[in-house]
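As structure tokens, the structure follows; a few thoughts come after it.
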């Protein structure tokens, strides 16, 4: 018996020879893809077309530097979308915190926009392997989508489609 914090656990040992002819434990195989969405603070249109491509490329570079896969990065003047692949050892919150902090610093220093700030939160939605191309195309068509709908409309629809409950007062 092993006792930990007042709880007793029985320990068991495999019989001698029980594990001898077993094949090694198989490798772990994962497909962890995320559609990430976050915007500028108060959704101010701060991402100018002239620097959007460089910002998107830099965001992808941050993901790659963190040993992730940046499959697609795009957006419009007030928000960005990323389709990324991560390892099981990545913590999504840590990746996003680093992504926002490093990219904000880059915008301040390289673009010269000292007042640039990302919003505090983000949306993160898992993407099945069969839907990656659909999401990639969606991200590439952001300018087209936003000719007829606002970020808020787009984001509420995304939350609804992904089954995420939210309080609209905090979007």
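Each reported figure results from applying straightforward, stated rules to the coordinates on display, with no laboratory input. Keep in mind it's a predicted model, so treat the numbers as computed, not measured. Reconstructed Cβ throughout: ideal geometry from the backbone, glycine too, with neighbour counts over all protein chains shown.
Here each label is just a point 7 Å from Cα along the line to Cβ, and for residue 170 and residue 150 those points are 2.0 nm apart.
Using the Cβ-Cβ distance between residue 104 and residue 130 with R0 = 45 Å, the FRET efficiency computed as 1/(1 + (r/R0)^6) comes to roughly 0.85. Take the Kirkwood radius over Cα pairs of region 82-122, plug it into Stokes-Einstein at 4 °C and 1.567 mPa s, and you get 113 µm²/s for translational diffusion. Of the candidates 71, 157, 98, which one comes out as most mobile in a Gaussian network treatment of the chain with C-alpha springs shorter than 10 Å? Result for the chain, Cα springs under 10 Å: 157 fluctuates most. Distance between the 7 Å Cα→Cβ label points at residue 94 and residue 64: 2.3 nm.
Distance from the alpha carbon centroid of region 122-171 to that of region 30-63 works out to 14 angstrom. Straightening the chain between residue 87 and residue 44 buys 12.2 nm, computed as 0.36 nm per residue apart minus the Cα-Cα spacing. Using the Cβ-Cβ distance between residue 161 and residue 137 with R0 = 22 Å, the FRET efficiency computed as 1/(1 + (r/R0)^6) comes to roughly 0.90. Geometric descriptor of the chain, per residue, is 201 Å³ (volume of the convex hull of the Cα atoms).
Projecting label points 7 angstrom from Cα along Cα→Cβ for residue 31 and residue 114 puts them 4.9 nm apart.
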